[in-house]
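See below for the structure under consideration.
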Amino acid sequence: MSQLRYLTAGESHGEELSGILEGMPSGLSLVASRDIDPFLQERQKGYGRGHRQMIENDRTTITSGVRFGFTLGSPIAVTIKNKDWAHWQERMAVEGQEPADLKHVTVPRPGHADLAGAIKYDQKHDIRNILERASARETAMRTALGAIALRLLDEVGVGHTSFVRSIGDAVASESSPRQELSSSRVRTFDPDAEEQMIQLIDIAKATGDTLGGVVECHFENVPVGIGSHVHWDRKLDAKLAEAVMSIQAVKAVEIGEGFESSYRFGSEVHDAILNIDGTFRRHRNNAGGIEGGMSNGEPIVVRAYMKPLSTLMRPLASVDLATGKSVEAHIERSDVCAVPALAVILEAVVGLTIASLMLETFPSDTIEEFKRAIEFRQSRSVTSPIHNT
């Protein structure tokens, strides 16, 4: 079964992040500086980001799977150097003895992987062995691999975008005047909501707190029938939910009008089928482009709900695992708000999932085979009489 598979490796303050993407057809034009690095730079932006983003200048190096700017069909290996490694070499060394003066982290943060991970992996003597890998720094590599998947989707005409729907209780309005996302400090289209979001972030920073929010991505011109109804683990919406929920700090995922649809009558929810210029279309898109576990030709709409980040500058109560005493939670360098970054990460992760299922639906060794298979499927989306035989 043809599909994309990927792995990431690396710690937040390790020497580098690594990733391998397997299953990409040959012949796809791919240049790191053009196709990957711009997404990484977007991920680093956003009002409310912390000092780490000023240290790092994320750039990718492709070390295999590409020759003379085109994919080979073999696994693509990518690395991202951590510039902050220069300050952590002794504390995060792969080999050698632990420094005698190394300060262990023994106080877990509420809301983070710290406590459960320390118990699971018997690392209660130093929670850094957990928090380094649990860190959202890992999403830099997923964004890089996702950018490669998005490059594949670009090649076959699948459009994509992502933006911030809300931060805290400041919500972007559909009826507001639109601004370019590139000009927004919080990656939202509503300039009035942007000012409210920035004010909330300032309040959170001043009070030692953090903020979450909701981000949304759209994928247009996805062929009909990506995913399948025949097995639970082949459903497109199920795969998307799994992928989105795997992103650090995401606590809920929504497709189309998912939450709202549970409050309405069926006649208010389901999207009538129309014949528009010989093509099956819908009069609206409450389903978010997915019915019965399959894409239906309308834009795929996915939202991710992000909790406030766990590291608080005014920390909550916790327990020191070394002494058993009640203390304030550990403080790790962090952001006040990373919701704009999540929008970019969401687009990358959803892109990986859609590209993978498109390759499962249209197995191809080369990019030209992939294009021909999609063109044939698109031709079946036009209306025609159905005759029983």
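So here's what we get for this one:
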item: The range 204-224: number of residues that are surrounded by fewer than 19 Cβ atoms within 10 Å (Cβ to Cβ) and either part of a strand (DSSP E or B) or in contact (Cβ under 8 Å) with a residue 60 or more places away in the chain (or both); result: 8
item: Condition met for ILE201 (among the hydrophobic types (A, V, I, L, M, F, W, C), assigned to a loop (DSSP other than H, G, I, E, B) and either under 24 Å from the mean Cα position of the chain (by Cα) or under 23 Å from ARG49 (Cβ atoms) (or both)); result: no
item: Residue in the range 137-151 that is among the acidic types (Asp, Glu) and farther than 26 Å from ILE36 by Cα present; result: no
item: Options ARG67, ARG142; residue that is in contact with a Phe, Trp or Tyr (Cβ under 9 Å, 6 or more places away or on another chain) and of a type in the set (Lys, Arg); result: ARG142
item: Residue within the range 228-236 that is of a type in the set (Gly, Ala, Ser), surrounded by 14 or more Cβ atoms within 10 Å (Cβ to Cβ), out of contact with any Leu (no Cβ under 7 Å at 6 or more places or on another chain) and modelled with pLDDT of 95 or more present; result: yes
item: GLU268 being acidic (Asp, Glu) and either under 21 Å from ARG377 (Cβ atoms) or in contact with a helix residue (DSSP H, G or I) (Cβ under 6 Å, 6 or more places away or on another chain) (or both); result: no
item: Output for the range 143-187, where each listed residue is open to solvent by 20 Å² or more (accessible area, probe 1.4 Å), of a type outside the set (Lys, Arg) and part of a helix (DSSP H, G or I); result: ASP154, GLU155, LEU181, SER182, SER183
item: Filter pass, SER310 being more than 17 Å from the chain's Cα centre (by Cα), among the polar types (S, T, N, Q) and open to solvent by less than 40 Å² (accessible area, probe 1.4 Å); result: yes
item: Verdict on ILE80 being in contact (Cβ under 8 Å) with a residue 60 or more places away in the chain, of a type in the set (Val, Ile, Thr) and in contact with a His (Cβ under 8 Å, 6 or more places away or on another chain); result: no
item: Residue check, ASP58 modelled with pLDDT under 95, of a type in the set (D, E, K, R), outside any strand (DSSP E or B) and open to solvent by less than 20 Å² (accessible area, probe 1.4 Å); result: yes
item: Residues that are among the aliphatic types (A, V, I, L, M), within 28 Å of THR207 (Cα to Cα) and either part of a loop (DSSP other than H, G, I, E, B) or free of Cβ contacts under 8 Å to residues at least 12 places away in the same chain (or both), drawn from the range 284-316; result: LEU309, LEU312, MET313, LEU316
item: Failed condition for GLN123, given (1) open to solvent by 40 Å² or more (accessible area, probe 1.4 Å); (2) closer than 28 Å to LYS45 by Cα; result: (2)
item: In the range 317-330, the residues that are without any contact (Cβ under 8 Å) to a residue 40 or more places away in the chain and open to solvent by 90 Å² or more (accessible area, probe 1.4 Å); result: LYS325, SER326
item: Looking only at the range 41-55, and only at residues there that are assigned to a helix (DSSP H, G or I) and either among the hydroxyl-bearing types (Ser, Thr, Tyr) or buried (at least 16 other Cβ atoms within 10 Å of the Cβ) (or both), the one that is farthest from the chain's Cα centre (by Cα); result: ARG52
item: Residue match in the range 91-112 (condition: open to solvent by 20 Å² or more (accessible area, probe 1.4 Å) and assigned to a strand (DSSP E or B)); result: no
item: The range 32-45 residues that are touching a residue at least 40 places away in the same chain (Cβ under 8 Å), paired with ones that are in a helix (DSSP H, G or I) and polar (S, T, N, Q) (beta carbon under 7 Å, 6 or more apart); result: PHE39/THR143; LEU40/THR143; ARG43/THR143; GLN44/GLN53
item: Qualifying residue in the range 262-278 (condition: open to solvent by less than 70 Å² (accessible area, probe 1.4 Å), on the phi < 0 side of the Ramachandran plot and among the hydroxyl-bearing types (Ser, Thr, Tyr)); result: no
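Condition check ((1) of a type in the set (Asp, Glu); (2) open to solvent by 40 Å² or more (accessible area, probe 1.4 Å); (3) within 20 Å of ALA134 (Cα to Cα); (4) touching a strand residue (DSSP E or B) at 6+ places or on another chain (Cβ under 9 Å)) across all residues:
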| site | (1), (2), (3), (4) |
| --- | --- |
| GLU22 | yes, yes, no, yes |
| ALA32 | no, no, no, yes |
| PHE39 | no, yes, no, no |
| ARG67 | no, yes, no, no |
| LEU72 | no, yes, no, yes |
| PRO75 | no, yes, no, yes |
| LYS81 | no, yes, yes, yes |
| ASP84 | yes, no, yes, no |
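The values are calculated or read from the model by the stated rules, or taken from the named source; none is laboratory data. In this text, all values refer to a predicted model and were calculated from it rather than measured experimentally. All Cβ positions, glycine included, derive from the backbone under ideal geometry; neighbour counts span all protein chains shown. For the accessible areas, the whole protein counts, side chains as well, though only heavy atoms, and no ligand, DNA or RNA atoms are used. Shrake-Rupley method; radii C 1.70, N 1.55, O 1.52, S 1.80 Å.
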